[in-house]
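A quick write-up on the structure given underneath.
FYI, it's all coordinate maths here, none of it is from the lab. Remember, it's a predicted structure, so these values are computed and weren't measured experimentally. Heads up, the Cβs are rebuilt from the backbone with ideal geometry, glycines too, and the neighbour counts pull from every protein chain shown.
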Amino acid sequence: MQTTPGTSLRDAKTAARSFASRRTTLVWLAVTGTVYLLDQATKEWATRALADGMPRPFLGEWLQFRLTFNPGAAFSLGTGYTIVLTAIALAVIVVCIKMAGRLGSRGWAVALGLLLGGALGNVTDRILRPPAPLRGHVVDFLELPNWPVFNFADVAICAAAASFVLLSLRGIRLDGSRESHDRAAVPLSDGADAQTTDDSGTA
């Protein structure tokens, strides 16, 4: 059975899209896993090495290690709403997983991986750490001058937010397509043509 050139071309394009989709998914999974493992490993180190609560200078006064347990959100926000914050984080995880099914951009894959890995890292603390499941306190140990203590997951979440803004400003959609700026000019052109027609008809 012979295939037409058009069919072969469509099959090739479909195969290329499928390969690109798998590669993008692998990027998302790799970033998610890397962020999660780094977050959990550094937290485990912090609970052992910084158990005395004393600060450990790392880059002089610019960055210190100091162990704290945070019942709130990133950077110690919302400390009285641990269960609510846990529910929000779980919802974010579900949304990230659903969005991953439409990934076609490696930039978005990295951004979603950063967000999901960070959310999973902090949710793990809330579920498994004292004082109780869903009320667990998150391990924080990175301290900058005049800034709340935070952790690697918080850094990843903030990097994800910055990436979302950058990708949106560049007009890159989740599926990898780009927003067309030419379309916005079409109505103006049509309107201008219509106005010209009306003017000529009036004359």
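Miscellaneous remarks
- With contacts taken as Cα pairs under 8 Å and at least 6 residues apart, segment 29-185 reaches a relative contact order of 30 percent.
- Spread of Cα-to-Cα distances over 10 Å intervals beginning at zero, given as percent, for segment 20-196: 10, 31, 27, 17, 8, 5, 2, 0
- Anisotropy class of segment 95-151 from Cα gyration tensor, a/c 1.5 cut: oblate
- Spacing of the modelled spin labels on Lys98 and Arg66, each 7 Å from Cα toward Cβ, amounts to 4.1 nm.
- Amide H contacts under 5 Å for Gly176, placed H, 5+ residues apart: Gly104, Ser105
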